[in-house]
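Structure first, then comments.
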Amino acid sequence: MQINTLRIFLLALLCSVSFDAFASNEEDSSGEKFDPKAMIMHHVKDAHGFHLWDWNGHPVSISLPIILWTDNGLTTFMSSEFHHDFEGKHIVEKDGQKFVNYHEKIYQLKEGETTIAFDEEHHPINATQPLNFSITKNVFMMWVSVVVLLLIFVSTSRRYKKSENYVPKGIAKFTEPLIVFVRDEIAKPMIGEKKYKRFMPFLLTVFFFIWINNIFGLIPIINGANVSGNIAFTLTLAVFTFLITLFSGNKNYWKHIFWMPGVAVPMKIFLMPIEIVGMFVKPISLMIRLFANITAGHIIILSLMSLIFIFESIAVAPVSVGFSLFISIIEIVVTAIQAYIFTVLSALYFGMATEEDHH
């Protein structure tokens, strides 16, 4: 009981410390009113570095490389050269070019300009965006998750080689039930006993890749580096599912899309465009479902913690921290649920594409 209480206390402390880093990043020395929307959107989206905390009024952060392709060719420097400025006030000069960081978008100022300016629709009028190949925190954490995956499964493989009668030992005791679960509860029921094996590598990779990245997104010290909360990431996974479904489709699958069997010809003509649209709606729903659920959790937690600064009262802190802790615990479960749902639906689409004609 004492251990569980300690864990809850530590989790609450981490949540509060994490948010303190978030809030301090948004406080303005000029005394401007706290803007919860700006703070939340700043921390939900991707960034060019990791802001960890503030120490004696100075930000402590992990710098990442900025890689730009401009008219003069390749330009590189570290994100620390922006001095943690997100308002485009600090100018970085490289090779006779001037760059600013405005809300995590890198702009190149035109010659002779000293600050970025915008029109009424908030489009830059004296700066352009060069091609940006920078290593952002989401990209960095995605690489970290790949390394973690390799370590986990290489270690699991070695454990099986060293064990007698393939009895799992060490980390294999953790991974084997999950692998068996994906095989017996997802792949076989959705795809079938005969054809599930060729889809297992993709299903296992997607399940563990999404799950690990979701877990990383809950670690406060990483400061919101949640890969699954990036629409580009979920789009890429959905495209892979779509392409595998497309190229795995058999004659029966395409017949049900373009010329539905068992119905009258007018109905076949009516159903054909609906089925074609459905082909594209399925991966889109995969993309949006994962992105929206993961992002929503972070927004809720940040919104609850923002109440302390909105009401400017320490009395609100216990309620905000308490509810944030509750949502954080739910998010731990959601990390696995969302990985499971994405894997199940992918397997379902593969099963539909490879199903044989029963007539």
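The values are calculated or read from the model by the stated rules, or taken from the named source; none is laboratory data. Not measured: the values here are computed from a predicted model. Note that we place each Cβ from the backbone using ideal geometry, even for glycine, and neighbour counts take in every protein chain shown.
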Exercise for the section: Among the candidates Asn252, Asn226, Asn230, single out the residue that is out of contact with any strand residue (DSSP E or B) (no Cβ under 8 Å at 6 or more places or on another chain) and under 16 Å from Gly351 (Cα atoms). Expected result: Asn252
Handout entry: Asp95 vs. criteria modelled with pLDDT of 75 or more and either out of contact with any Lys or Arg (no Cβ under 6 Å at 6 or more places or on another chain) or among the β-branched types (Val, Ile, Thr) (or both)
Key = yes
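Would you mind finding the one in Phe280, Phe309 that is part of a helix (DSSP H, G or I) and within 24 Å of Phe240 (Cα to Cα)?
Phe280
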Exercise for the section: Take Pro168 and decide whether it is more than 24 Å from Phe240 (Cβ to Cβ) and over 24 Å from the mean Cα position of the chain (by Cα). Expected result: yes
Fill in the blank from the handout: Apart from one, (1) touching a helix residue (DSSP H, G or I) at 6+ places or on another chain (Cβ under 6 Å); (2) in contact (Cβ under 8 Å) with a residue 24 or more places away in the chain all hold for His90; the odd one out is (2)
Exercise for the section: May I ask you to verify whether Val154 is exposed (fewer than 13 other Cβ atoms within 10 Å of the Cβ) and farther than 24 Å from Thr343 by Cα? Expected result: no
Handout entry: Options Phe118, Phe140, Phe133: the member that is free of Cβ contacts under 8 Å to residues at least 60 places away in the same chain and either within 20 Å of the chain's Cα centre (by Cα) or farther than 23 Å from Gly217 by Cβ (or both)
Key = Phe118
Fill in the blank from the handout: Going through (1) without any contact (Cβ under 8 Å) to a residue 24 or more places away in the chain; (2) touching a helix residue (DSSP H, G or I) at 6+ places or on another chain (Cβ under 6 Å) one by one, Ala296 fails only at (2)
Practice task
Could you grab me the full set of residues in segment 301-326 that are over 21 Å from Leu218 (Cβ atoms) and hydroxyl-bearing (Ser, Thr, Tyr)?
Solution key: Ser313
Fill in the blank from the handout: Restricting segment 232-257 to residues that are more than 16 Å from Glu355 (Cβ to Cβ) and exposed (fewer than 14 other Cβ atoms within 10 Å of the Cβ), the one modelled with the lowest pLDDT turns out to be Ala232
Problem - Condition met for Val180 (loosely packed, with under 15 Cβ neighbours inside 10 Å and closer than 21 Å to Val333 by Cβ) - result: yes
Handout entry: When residues of segment 69-118 are limited to those that are among the charged types (D, E, K, R) and assigned to a loop (DSSP other than H, G, I, E, B), the one nearest to His43 (Cα to Cα)
Key = Glu104
Exercise for the section: For segment 246-303, name all the residues that are of a type in the set (D, E, K, R) and under 29 Å from the mean Cα position of the chain (by Cα). Expected result: Lys282, Arg289
